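The values are calculated or read from the model by the stated rules, or taken from the named source; none is laboratory data. These figures come from a predicted structure and were not determined experimentally. Cβ atoms come from the backbone with ideal geometry, glycine included; neighbour counts cover every protein chain shown. For the accessible areas, the whole protein counts, side chains as well, though only heavy atoms, and no ligand, DNA or RNA atoms are used. Shrake-Rupley method; radii C 1.70, N 1.55, O 1.52, S 1.80 Å.
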Amino acid sequence: MDRGRLWVEIGIVLALSLGASALYSILSLIASLTAEKPLGSQSTGLNQATSTREWLDFANQFLGFALGLAPVALVLYLLWRPRTNPFSELGLDIRPSLIGRDAGRALFLVAVIGIPGIGLYAIGRLLGITVAVQAAPQDQYWWTIPMLILAALKAGLLEEVIVIGYLYKRLDQLGWGTWKIIIASALLRGSYHLYQGIGPFFGNVVMGVVFGWCYRRWGRVMPLVLAHTLIDIISFVGFPLALAWWPGVFGVTK
């Protein structure tokens, strides 16, 4: 594929997924910074209820999970070639011989990135440069936690397969160097989290650099997907408990 077609393909993929999220996120940050309320007194919601009717809320959220994975399917299709397996090329396949290694690497990344990330979020809240992220709905049903787990899985697959696996593959083909790719990908990761404030931007840039470096060393995206999913499960499912324990950090301040 020639360079022009590669750039067009990358542009379309990002416009249909995280590139669009980055643009909306930048616009959201501008709106927040120019609002009357200071940034630390504002909030944003994730995984919030879409309807007061339980069945409709469930249907909307499940469709959001299923259809939200369409960009992942698209990039796997774009990377597919006869006699090649895109899952194997990205290291997204499940191999019995690598399950333990992938899981161990994922837990390592959770410890290195997840725990400090929560601390950085708390510091950002205390400094007033991070909005309060409501990571779970107030009213919960029997299916709320399973749906939060699916939402975490969707985020893990969407971000790591596209921003790491797919983008690294295409930028390699365009002749970019390793660290140029890592930094560009990390900045993209940070940009689509700007709606949360300045702190999460820098936190996610660091996460992108660490994940990118690990991907270059390991050659597998599966540990990144597992780690990202686990971090988000802890954030989503544990949010009500964190709010109860530290309302001044995780709640909305006036």
Enumerate the residues in region 26-47 having an amide nitrogen under 20 Å from the point lying 7 Å beyond the Cα of Val252 toward its Cβ.
-> 28-47
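For region 173-254, what is the relative contact order in percent, using Cα pairs closer than 8 Å and at least 6 residues apart in sequence? The partial results should precede the final answer.
On the way: 42 pairs, mean separation 16.2, N = 82.
Over region 173-254, the number comes to 20 percent.
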In degrees from 0 to 90, rounded to the nearest 10, what is the angle of the helix 70-79 Cα long axis to the longest principal axis of the chain?
-> 20
If r is the Cβ-Cβ distance from Ile149 to Lys169 and R0 is 41 Å, what FRET efficiency results, to the nearest 0.05?
-> 0.90
Picking from Pro38, Pro116, Pro96, which is most flexible by a Gaussian network model of the chain using Cα springs under 10 Å?
-> Pro96
Mind checking which of Met222, Met147, Met207 has the largest fluctuation in a GNM of the chain, springs on alpha carbons under 10 Å?
-> Met147
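Tell me which GluC sites (Glu not before Pro) from region 1-71 have a DSSP coil assignment and no more than 11 other beta carbons within 10 Å of their own.
Details: sites: Glu9, Glu36, Glu54; in loops: Glu36.
Here the sparse-neighbourhood loop sites are Glu36.
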Sort Ile233, Ile26, Ile162, Ile123 by accessible area with a 1.4 Å probe, largest first.
-> Ile123, Ile26, Ile233, Ile162
Measure nothing fancy, just the Cα-based angle from helix 99-109's long axis to the longest principal axis of the chain, in degrees from 0 to 90, nearest 10.
-> 50
Residue-averaged [θ]222 nm for the chain, counting only DSSP H segments that reach four residues, each worth -39500 (n - 2.57) = -20500 deg cm²/dmol
List the residues of region 198-217 whose backbone N lies under 12 Å from a point placed 7 Å from the Cα of Ile115 along the Cα-to-Cβ direction.
-> none
Can you pull the one-decimal nm distance between simple spin-label points at Val8 and Ser41, each 7 Å off the Cα toward Cβ?
-> 5.1
Options [x] 25.9, 99; [y] 18.5, 59; [z] 17.1, 51 for Rg and Dmax of the Cα atoms in Å; the value derived from the coordinates is listed as [y]
Inter-label distance for Leu107 and Arg216, nm, one decimal - labels placed 7 Å from Cα along Cα-to-Cβ | 2.8
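Using a Förster distance of 22 Å, how high is the FRET efficiency between Thr50 and Leu74, based on the Cβ-Cβ distance and rounded to 0.05? List each step's numbers first, then the result.
Numbers: r = 24 Å, r/R0 = 1.11.
Efficiency at R0 = 22 Å is approximately 0.35.
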Once fully extended, how much extra length lies between Thr84 and Leu98, figured as 0.36 nm per residue of separation less the alpha-carbon to alpha-carbon distance?
-> 3.1 nm
Of Asp2, Asp139, ordered by accessible area with the largest first and a 1.4 Å probe, the sequence is Asp139, Asp2
Long-range amide H partners of Gly197 with built H, under 5 Å = Val131
Compute the separation of the alpha-carbon centres of region 36-96 and region 183-254 and state it in Å as a whole number.
-> 15
10 Å binning of all Cα-Cα separations within region 135-215, expressed as whole percents from 0 upward | 17, 40, 28, 12, 3
Solvent-accessible heavy-atom area per residue, rounded to whole Å², over region 1-90 at 1.4 Å | 63
Helix 198-218 axis, angle to the chain major axis (alpha carbon atoms, nearest 10°) | 30
